[in-house]
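A.B. asks: I have a structure I would like to understand better, so I am pasting it below and will then ask my questions one at a time.
Here, each number is a calculation from the coordinates, and none is a lab measurement. Everything numeric in this text was worked out from a predicted model, so none of it was measured. All Cβ positions, even for glycine, are placed from backbone atoms using ideal geometry, and neighbour counts span all protein chains on display.
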Amino acid sequence: MHGMMTRTDAPPLRILLCAPRGFCAGVVRAIDAVEQALRLYGAPVYVRHEIVHNKYVVEGLRRKGAIFVSELDQVPDGDAPVIFSAHGVPKAVPAEADRRNLFAIDATCPLVTKVHREAEIHHKRGRTVIFIGHAGHPEVVGTMGQLPEGAVLLVETAEDVARLEAPAGELAYATQTTLSVDDTQAVVDALRARFPAIVGPHKEDICYATTNRQEAVKRVAPQVDAMIVVGSPNSSNSQRLREVAERAGCRTARLVLRAEDIDWSLFDGISSLGITAGASAPEILVEEIIDAFAARRSIAVETVSTADESVFFPLPRRLRDAAAESV
């Protein structure tokens with residue numbers, strides 16, 4: 001040990017754990033849907049798109065017999081279940097499943113479905129829908145795919161709003177559920193300024209989980225030297241948590257999939273660390289990261305809680321009924 005600083009020399013690293021963090025109700029329900037389908041019908045169970053954006057969740061389900069596909073044409077004819085991911089799907093997907101008589105189970109998060117229904121109602125009333133979201137994200141593809149081509153205009157920033165060619169007739173807006181609360185407010189303000197008569201959602205489209213996790217980060221980020229967001233790079237809500245931490249004044253904010261991905265040089269001299277997890281990140285990955293820090297130095301962990309979450313969504317009806325019959 002000569003010349004190395006032993007763990008007892010350093011003051012303990014203060015770790016502030018954000019609460020709420022990690023799994024939201026829609027993610028719990030989607031993972032549960034795959035596990036129940038495997039239990040009730042056996043392998044294989046096909047899943048269109050990653051059920052939730054976390055590599056470790058996907059790998060765990062794959063080991064149990066789930067087969068992940070990007071499109072339905074990769075699913076063979078027959079009666080093996082095919083599950084639609086929590087992010088939602090364009091209308092063409094269930095239509096195709098029906099046409100092929102596939103046994104489809106829709107694990108779209110109910111809060112995403114709510115946005116789909118809103119968009120449809122606006123369309124029925126003759127409004128053009130302006131959708132705030134990130135191009136190419138599966139949730140955005142799914143929501144825009146509820147309506148005919150051209151019925152939804154996508155914007156991401158206030159600049160996009162300024163550049164928009166004003167459509168004729170009435171307008172409405174909706175948003176992706178996993179955006180930055182503050183950025184989205186700026187885009188909504190720009191929309192209202194430019195189109196004062198635009199119709200908005202009854203209740204925010206950004207979901208409770210996204211909002212709560214961002215609030216907790218805003219509380220913790222200014223108090224710590226660095227922040228780790230446990231989550232996948234393709235997870236929108238996790239990327240937003242990292243941005244929120246940076247904006248709230250945290251110098252070093254990093255998205256980390258798991259302990260082995262930590263760049264230790266970034267966290268060497270710190271005396272305090274905030275940790276949160278995106279809505280698709282299992283708590284075991286958070287524990288693994290805390291353990292990795294504990295192996296290097298003494299730590300003191302506190303939880304900073306900004307909201308109580310008790311949201312629960314029942315399983316998709318097809319699985320509820322089947323599960324009840326199988327008891």
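A.B. asks: Let me have the 222 nm mean residue ellipticity of the chain computed from DSSP H runs of 4+ only, each contributing -39500 (n - 2.57), with the sum over all residues rounded to the nearest 500. Mind dumping the intermediate values first?
C.D. replies: Numbers: 11 runs with 124 residues, N = 327.
Calculated at 222 nm, the ellipticity per residue is -11500 deg cm²/dmol.
A.B. asks: Which one of 207, 257, 272 has its Cα pushed farthest toward the positive end of the charge dipole of the chain, where Lys and Arg give +1 and Asp and Glu give -1 at the Cβ?
C.D. replies: Checked the options; the winner is 207.
A.B. asks: What number in nm² do you get for region 122-248 if you take the convex hull of its Cα atoms and divide its surface by four?
C.D. replies: On the way: hull surface 33.1 nm².
Across all orientations, region 122-248 yields a mean hull projection of 8.3 nm².
A.B. asks: Under a point-charge model restricted to the Cβ atoms of Lys and Arg (+1) and Asp and Glu (-1), what is the dipole moment magnitude of the chain relative to its Cα centre, in debye to the nearest 20? Please list the in-between numbers first.
C.D. replies: Working: 36 positive and 43 negative charges, 69 e Å.
That gives the chain a dipole magnitude of about 340 debye.
A.B. asks: Can you give the alpha-carbon Rg of region 111-194 over 2.2 N^0.38 Å, where N counts its residues? Please report the intermediate quantities before stating the final value.
C.D. replies: Details: Rg = 11.8 Å, N = 84, 2.2 N^0.38 = 11.8 Å.
It is 1.00.
A.B. asks: What does the charge dipole of region 1-108 about its Cα centre add up to, to the nearest 20 debye, if the Cβ of each Lys and Arg holds +1 and the Cβ of each Asp and Glu holds -1?
C.D. replies: On the way: 13 positive and 12 negative charges, 94 e Å.
Magnitude of the dipole: close to 460 debye.
A.B. asks: Report, to the nearest 10°, how far helix 181-194 tilts away from the longest principal axis of the Cα atoms in the chain, using its own Cα long axis and a range of 0 to 90°.
C.D. replies: Orientation of helix 181-194: about 40 degrees from the principal axis.
A.B. asks: If you don't mind, another one. Between helix 283-294 and the chain, what is the angle of the helix's C-alpha long axis to the longest principal axis, kept within 0 to 90° and rounded to the nearest 10?
C.D. replies: 20 degrees
A.B. asks: According to the square roots a ≥ b ≥ c of the eigenvalues of the Cα gyration tensor, what is the shape class of the chain, taking rounded for a/c under 1.5, prolate for a/b larger than b/c otherwise, and oblate for the remainder?
C.D. replies: oblate
A.B. asks: Percentage of Cα-Cα pair distances in region 174-251 greater than 22 Å, rounded to whole percent? Walk me through the numbers on the way to the answer.
C.D. replies: Working: 887 of 3003 pairs.
Cα-Cα pairs in region 174-251 separated by more than 22 Å: 30 percent.
A.B. asks: I've got another one for you. Once the Cα atoms of helix 110-124 and of the chain are each reduced to a long axis, what angle between those two axes, in degrees from 0 to 90 to the nearest 10, is obtained?
C.D. replies: The two axes meet at around 40 degrees.
A.B. asks: So, one more: Whole angstrom only: what separates the Cα centroid of region 160-176 from the Cα centroid of region 277-327?
C.D. replies: 37 Å
A.B. asks: Counting only GluC sites (Glu not before Pro) that are in a DSSP loop and have at most 13 other C-beta atoms within 10 Å, tell me the longest site-free stretch of the chain. Show your work: numbers first, answer last.
C.D. replies: On the way: sites that count: 71, 149, 165.
My reading of the result: 166-327 is the longest stretch.
A.B. asks: Please enumerate, by chain and number, the lysines with C-alpha under 16 Å from the C-alpha of residue 114, excluding those fewer than 8 residues away in the same chain.
C.D. replies: Candidates past the 8-residue exclusion: 91, 124, 203.
A.B. asks: How big is region 29-86 along each principal axis, measuring the range of its Cα positions in Å and listing the largest first?
C.D. replies: Principal-axis extents of region 29-86 (Cα, largest first): 28, 23, 19 Å.
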